[in-house]
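**Student:** The structure under discussion is supplied below as structure tokens; questions concerning it will follow.
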Amino acid sequence: MPAGAPLSGAGGRAPDMTAADGEQARWLRGTLGYQPRDTALFSAALTHRSAAGPNNERLEFLGDAVLNLVVAAHLYRSYPRADEGDLSRLRARVVSREPLAQVAAELRLGEVLQLGSGELKSGGFRRQSILADALEALCGAVFLDGGLAAAEEVITRLLGPRMAALPDPALLKDAKTRLQEYLQARSLTLPRYAVQHVEGEAHAQSFRVSCEVPALGRCVHGGGSSRRRAEQEAAERMLRELGADDPRQWQP
């Protein structure tokens with residue numbers, strides 16, 4: 001059976017559980033490279049709460065912890081000079097909802113999920129939250145079925161390419177943090193941010209913010225739909241003006 005092919009009964013129909021278990025096992029072997037022992041465990045992992053029978057909510061809870069542990073350990077080994085903040089930002093690039101949903105979509109996981117009729121009609125098999133949760137549940141199931149070593153092997157196979165392609169940790173810091181670190185490294189006072197103008201209705205406001213570095217005699221402006229976004233844009237402009245927008249060029 002080719003990787004990602006739909007299971008018998010997928011999409012909310014009432015399947016023959018014996019046949020479905022066999023289909024699930026073949027899908028797991030072909031897609032995750034894992035041979036399940038407890039097929040009922042994986043049947044639950046592939047069942048959304050909108051469908052009848054045991055669902056994947058508890059396994060999702062467990063799988064989230066397993067994913068975070070495996071990815072955190074990998075990053076800890078791979079980035080020996082990264083601090084806690086760097087490691088947290090790198091991990092978020094791998095295990096947050098969007099990247100997990102992307103991996104699940106690449107696996108065509110939505111095609112093998114058991115969904116209730118309502119979720120099926122509303123396109124739940126494409127919804128990021130459902131896909132990410134199901135992938136977490138599968139990781140939890142592998143952990144219970146085969147132990148931590150098996151879970152680490154599967155997770156590394158699924159997420160390894162994304163972890164290998166992560167950017168330099170310094171590039172993941174937001175503009176305000178990078179500007180602050182740039183100035184502190186030169187023993188300069190921190191920038192001053194001030195709201196210059198706010199316009200629009202409360203639900204659709206636009207902010208104009210200044211960013212001033214008195215020690216360098218520089219001041220720039222930024223705009224955005226919130227004060228925070230405007231400040232970030234202003235900080236980014238200040239970094240460009242100072243020729244410091246790539247922290248790899250100036251960090252020790």
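Each value in this text was obtained by applying a stated rule to the coordinates, not by laboratory testing. Everything quoted here is computed from the prediction, not taken from an experiment. Heads up, the Cβs are rebuilt from the backbone with ideal geometry, glycines too, and the neighbour counts pull from every protein chain shown.
**Student:** From the phi angles alone, apply the Karplus equation (6.51, -1.76, 1.60; θ = phi - 60°) to the range 126-135 and give each ³J(HN,Hα) in whole Hz, x where the residue is Gly or Pro.
**Tutor:** These are the phi-based 3J(HN,Hα) values: 10, 6, 4, 4, 5, 5, 5, 4, 5, 5 Hz.
**Student:** Okay, moving on. Hey, can you grab everything whose amide H is under 5 Å from the amide H of Gln196? Only 5+ residues off in sequence or another chain; H modelled, so Pro and N-termini drop out.
**Tutor:** Placed amide hydrogens put Arg208, Val209, Ser210 under 5 Å from Gln196.
**Student:** Here is a further query. Could you derive backbone 3J(HN,Hα) for the range 177-183 from the dihedral phi with the Karplus parameters 6.51, -1.76 and 1.60 (θ = phi - 60°), listing whole Hz in sequence and x where the residue is Gly or Pro?
**Tutor:** Those phi angles translate into 5, 5, 5, 4, 5, 4, 6 Hz.
**Student:** Which order do the peptides 136-149, 200-213 come out in when sorted by mean C-beta neighbours inside 10 angstrom, highest first?
**Tutor:** Numbers: 136-149: 21.7, 200-213: 14.8.
Answer by packing, highest mean first, reads 136-149, 200-213.
**Student:** Taking θ = phi - 60°, what integer Hz values does the Karplus form 6.51 cos²θ - 1.76 cosθ + 1.60 yield along the range 80-93, in sequence order, with x for Gly and Pro?
**Tutor:** x, 9, 6, 8, 4, x, 4, 5, 5, 5, 5, 4, 4, 5
**Student:** Just want the answer: with Cβ charges of +1 for Lys and Arg and -1 for Asp and Glu, which residue in Gly217, Ala104, Ala65 is farthest toward the dipole's positive end in the chain?
**Tutor:** Gly217
**Student:** Write down the radius of gyration of the range 173-249 and its Dmax, each obtained from C-alpha positions, in Å.
**Tutor:** 12.8, 42
**Student:** What residues have an amide H closer than 5 Å to that of Arg218, excluding those fewer than 5 places away on the same chain, when H is modeled at 1.01 Å from N in the peptide plane?
**Tutor:** Hits under the 5 Å cutoff: Val213.
**Student:** Assigning unit charges at the beta carbon (Lys, Arg +1; Asp, Glu -1) and nothing else, what dipole magnitude in debye, to the nearest 20, does the chain show about its Cα centre? Numbers along the way, then the final one.
**Tutor:** On the way: 31 positive and 31 negative charges, 104 e Å.
Dipole about the Cα centre, nearest 20: 500 debye.
**Student:** Separate question: Name the residue farthest towards the positive end of the dipole of the range 112-157 from the options Ala132, Gly116, Ala150, assuming +1 on Cβ of Lys and Arg, -1 on Cβ of Asp and Glu, about the Cα centre.
**Tutor:** Gly116
**Student:** Using alpha-carbon pairs under 8 Å, 6+ residues apart, how would you state the relative contact order of the chain in percent? Walk me through the numbers before you get to the answer.
**Tutor:** Details: 395 pairs, mean separation 43.7, N = 252.
It comes to 17 percent, rounded to a whole number.
**Student:** Separation of the range 177-220 and the range 56-108 by C-alpha centroid, Å?
**Tutor:** 33
**Student:** Around Gly224, which amide H atoms from residues at least 5 apart in sequence, or from another chain, sit under 5 Å from its own amide H, with H modelled in the peptide plane?
**Tutor:** For Gly224, the qualifying residues are Phe207, Ala230.
**Student:** Can you give the Rg/Rh ratio of the range 17-165, where Rg is from the C-alpha atoms and Rh is the Kirkwood radius?
**Tutor:** Result for the range 17-165 is an Rg/Rh of 0.98.
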